[in-house]
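Structure first, commentary second.
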Amino acid sequence: MRNSNRQWILRKRPIGDIAPGDLELVDSPIPVPGPGEILIRTVYLSLDPTNRIWMSDMEQYMPPVNIGDVMRGGTIGIVEQSNNPDFKPGDVVNGIAGWQEYVVAPAAQKLNPALPLPAYMSVLGATGATAYFGLLDLGKPQPGETVVVSAAAGAVGSIVGQIAKLKGCRVVGLAGSDEKCRHLVKDFGFDACINYKKEDIRSALKRECPKGIDVDFENAGGEILDAVMELINLKARIVLCGMISQYNAVEPPRGPALTNILMKRARIEGFIIIDYFPRFAEFFAEMGKWVAEGKIKYDTTIVKGIENALPSLDMLFTGKNTGKLLIEVSAP
Ligand SMILES: NC(=O)c1ccc[n+]([C@@H]2O[C@H](COP(=O)([O-])OP(=O)(O)OC[C@H]3O[C@@H](n4cnc5c(N)ncnc54)[C@H](OP(=O)(O)O)[C@@H]3O)[C@@H](O)[C@H]2O)c1
């Protein structure tokens, strides 16, 4: 066990890209569990595009992180000490312990340690659930339809495309490198993938979606959403999951042309995965089966050390991650 608790503290709200000094890594004493409490050592910390949103005071679905507080983040950890009879040292738990090595809590959700822990933070966690509920509940993909997904080699996008394939759709992804595109087509069964950094997005989408677009699972926004809008079919569904192209923007972004939503009587709907927490058992049962049967695969990009949390967050914006980006804070 370490003799201090390294924590990332939010010092300033970033303007545009995160700058040195916006967050600070500090050494604090390891907290001591009181009566009925447990001490948890963080093993994995999830890095997510929404971390950038939580650092800002923009309109959002949870309160922003307060200046001076430990940065918020989803975690998996191991119980080190327990004063709660329901927990024992060695129990594996998950929660939102934040960007720090240790946390004290009254209790936490226990996990089955037999499954690979990174899977709980990706395909079998909030990431996989975002893909599952967003695509199936809002996108309602039908066999033979064309589904487009942006940030397709990322944590959510790579699962969305595979579920759409299981539902009998033509799946076209957009990703930021030829290597990611090859991987999605060859290993994850996508029908096509467009390198949006290299190709003209509009003409590439026209080529790969000859029958138009029935479902757009939108992770990027901006130029990609603009191009998608021109190709949507009658009664298309646009699942507004994320707008990563705009999280670091300083100026208010230019909006997409929404006229086609009207003309095509399409539905565009935002959703946040926390609304689906009561239905996680349903997700876990079906996704768990798909993963066990090898029908859904998942990638993880794992960086070691809490000190690398902030430097690694930018990988989500430059596209250096493939699949779920995690920090291994301590040895599993
Ligand atoms: N609604 C919800 O409840 C919910 C829950 C989880 C996540 N989300 C959203 O889902 C999206 C994906 O999140 P994730 O956790 O799965 O992250 P991720 O896709 O694993 O990582 C982000 C990826 O976005 C791509 N990207 C970055 N800037 C881009 C740009 N300007 N245009 C197009 N692509 C860009 C990068 O890949 P490339 O190499 O392809 O550029 C990067 O790898 C985000 O928008 C996030 O906010 C929403």
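Read-outs: derived from the displayed coordinates by stated rules, not from any lab. What you are looking at is a predicted structure, and each value in this text was computed from that prediction instead of being measured. FYI the Cβ positions are ideal-geometry reconstructions off the backbone, even for glycines, and counts take in every protein chain you see.
Odds and ends about this structure:
- Using distinct alpha-carbon pairs, which all enter the 1/r mean, Kirkwood radius of segment 154-200 in Å: 10.5
- Counting only the Cα atoms, segment 111-157 fills a convex hull of 95 Å³ per residue.
- For segment 1-61, size of Cβ-based charge dipole, Lys and Arg +1, Asp and Glu -1, in debye: 220
- Charge dipole of the chain about the Cα centre (unit charges at C-beta), most positive-ward option of 193, 156, 28: 193
- Contact order relative to length of the chain, as percent, for alpha carbon pairs under 8 angstrom and 6 or more apart: 18
- Spread over its residues, the convex hull of the C-alpha atoms of the chain is 132 Å³ per residue.
- Cα centroids of segment 66-104 and segment 121-146: 29 Å apart.
- Positive-pole candidate from 301, 238, 312, dipole of segment 226-332, charges at beta carbon: 238
- Dipole magnitude of the chain about its Cα centre (Cβ charges: Lys, Arg +1; Asp, Glu -1), debye to nearest 20: 820
- Cross-link pairs beyond the 31 Å C-alpha cut-off, checked among 264/320; 165/324; 198/297; 165/206: 264/320
- DSSP assigns beta bridges within the chain; of those with both partners inside it, close to 50 percent run antiparallel.
- Once the Cα atoms are used to define both axes, helix 155-166 deviates from the longest principal axis of the chain by about 50 degrees.
- Check: segment 1-140 dipole with +1 on Lys, Arg Cβ and -1 on Asp, Glu Cβ, in debye: 140
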